[in-house]
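No lab work stands behind these numbers, since they all come straight from the coordinates. On a predicted model such as this, the values are computed, not experimentally measured, just so you know. Don't worry about glycine lacking a Cβ; one is built from the backbone with ideal geometry, like all the others, and counts go over all protein chains shown.
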Amino acid sequence: MSNLQGQLHQWLHIRENEHLECKEAKERFDFEALVKYCCALANEGGGVMLLGVTDKLPRKIVGTQVFKNLERTKAGLVERLRLRIDAEEIINEDKRVVAFHISKLITCKMRFKVLGI
C-alpha cells in the first residue's frame, strides 16, 4: 500500500472536522464552492478537502470525474485565495479521489468579504 493509499484509508475512518472535508462530487462540483471550502479549511489552520468520497461514516469511495485538469484547478485556487494548495489524484480500486491540501492562512476571512463570497 502506497503512502497515499494509506493516508486515504485513514481519512475514510475519521469524522469530518475543521481539518477534513469530504464530498461525493461524482460528476459535478462547483469551483466557487471549492474556493469557499478551501478558505474555511485555511481559516481553521489548514486541512484536506477530498472529492470522490462520501461525507458520512462509514465513508465509501465513490470516485469523481470533476476537475480533470488539477494543475488548472490548483492555479485557480491559488490565484483566488493566495495561499499554498497542493492537489493530487489517488486511484483506489479504479476509482479516482481528488485530495486538496490547504495550508493555513489567517487573513482568508477578509478575502471572503472582498471577493463577495
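For the chain, the Cα-based Rg and Dmax, in that order, read 13.6, 43 Å.
Once Lys and Arg get +1 and Asp and Glu get -1 on their Cβ, which of Gln5, His19, Ala42 lies farthest toward the positive end of the dipole of segment 3-110? Toward the positive end, the furthest listed residue is Ala42.
Distance between the pseudo-spin-label points of Thr54 and Glu89 (7 Å out from Cα toward the beta carbon): 2.5 nm.
Here the Gaussian network model covers the chain, with springs between Cα atoms less than 10 Å apart; of Arg28, Arg80, Arg96, Arg28 fluctuates the most. The gain in end-to-end length when the Val78 to Ser103 segment is fully stretched comes to 7.9 nm, 0.36 nm per residue minus the alpha carbon separation.
Could you work out [θ]222 nm for the chain from helices alone, using -39500 (n - 2.57) per DSSP H run of at least four and dividing by all its residues? Round to the nearest 500 deg cm²/dmol. Could the numbers behind the result be given before it?
Values: 4 runs with 43 residues, N = 117.
After summing the helix terms and dividing by residue count, I get -11000 deg cm²/dmol.
Computed from point charges on the beta carbon alone (+1 for Lys and Arg, -1 for Asp and Glu), the dipole magnitude for the chain about its Cα centre is near 320 Debye. Relative contact order of the chain: 29 percent, from C-alpha pairs under 8 Å at least 6 residues apart in sequence.
For segment 44-96, the square roots a ≥ b ≥ c of the C-alpha gyration tensor eigenvalues yield an a/c of 1.5 or more together with a/b not exceeding b/c, which makes the shape oblate.
Ordering of 97-105, 83-91 by packing is 97-105, 83-91, highest average first (other Cβ atoms within 10 Å, averaged per residue).
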